[in-house]
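For reference, the structure discussed in these notes is given below.
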Amino acid sequence: MTEGKVAIIQNKQKSSFAAKKKLISLLKEAHYTIDQNDPDIVISIGGDGTFLSAFHEFEHKLDHIRFLGVHTGHLGFYTDWRDFELEELVSNLSNKEEPTISYPLLDVQVKYKKQSEPKRFLAINEATIKRATRTMVADVYIKDELFERFRGDGLSVSTPTGSTAYNKSVGGAVLHPRINAFQLAEIASLNNRVFRTLGSPIIISDSEWLTIRLEESSDYVVTIDRSTIKHDEIESISFKIANERIHFASYRHMHFWRRVKDAFIGEV
């Protein structure tokens, strides 16, 4: 009797390949099947970047897949297990009473001028909008009501789990991942006697949505997590909390604020 199907995604470090080899052996001993196409559980081995790649590879199957991260370098926000803890990981994985935790995702819909239907993306961390060579001008709508006209380098929209990534570096707030909301942060906005924006991060609830309507231009750079998407003739980009959520398997809980402290402050 098999326990389930597992896919493993690793980075190119030697330590990650070694961990993968050992993990496959342990999983097979515990009666798991390795299945890279239709898994029940996806395990990433590496760092947060590897985890993001694993998520996007299987984002179309979120309704029945659980994720788990093993880190072979520095502690990440998505990788809770170390490569020397694989026996314990597999043991916990086999415990059917082990609780799972789920976190919100960002629904991103890009509307192109020449297409009637927007193109939809999911982000686990964030989406950003910038212009390549000039100041970006955009109207920001919350629930279809104009909130402000933004001028500056760009805008970042992040999930709670993404709030510790690029969002934090541009002055956004750090949100606990159990908060079902998303965040808009300005990137180097122009604020003077002529141009004025709020100038502060905005936390938007799961019952609201955000639309950014752009000036006509062909030089926008739009990213979804680590990927840059096609940006020709974008009319607007809308954001909301997605109906889908990411589910974690065998989640060994580390207090979120302790994780933030370890990552950014260290010993006091």
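The values are calculated or read from the model by the stated rules, or taken from the named source; none is laboratory data. Keep in mind it's a predicted model, so treat the numbers as computed, not measured. Because the Cβ atoms are built from the backbone with ideal geometry, glycine has one as well, and the counts that use them run over all protein chains shown.
For the subset of the range 149-180 comprising residues that are in contact with a Leu (Cβ under 6 Å, 6 or more places away or on another chain) and not aliphatic (A, V, I, L, M), which member is nearest to Glu215 (Cα to Cα)?
Arg151
Where the second residue is surrounded by fewer than 21 Cβ atoms within 10 Å (Cβ to Cβ) and among the small types (Gly, Ala, Ser) and the first is farther than 12 Å from Ser15 by Cβ and lies in the range 70-92, which pairs have Cβ atoms under 7 Å and are six or more apart or on separate chains?
The qualifying pairs are Val90/Ala30.
Check every one of the helices (runs of 4 or more DSSP H) wholly within the range 1-115 and list those with 1 or more residues that are surrounded by fewer than 22 Cβ atoms within 10 Å (Cβ to Cβ) and under 18 Å from the mean Cα position of the chain (by Cα).
Filter on the range 1-115 gives 48-57.
Among the strands (runs of 3 or more DSSP E) lying completely within the range 219-268, list those that include at least 3 residues that are surrounded by 15 or more Cβ atoms within 10 Å (Cβ to Cβ) and either modelled with pLDDT of 85 or more or more than 19 Å from the chain's Cα centre (by Cα) (or both).
The strands (runs of 3 or more DSSP E) meeting that bar are 220-224, 234-248.
Among the residues of the range 121-136 satisfying the criterion of being part of a strand (DSSP E or B) and β-branched (Val, Ile, Thr), which is nearest to the chain's Cα centre (by Cα)?
By that ranking, first place goes to Thr128.
If Leu146 satisfies all but one of (1) in a strand (DSSP E or B); (2) touching a residue at least 12 places away in the same chain (Cβ under 8 Å), what's the number of the condition it fails?
(2)
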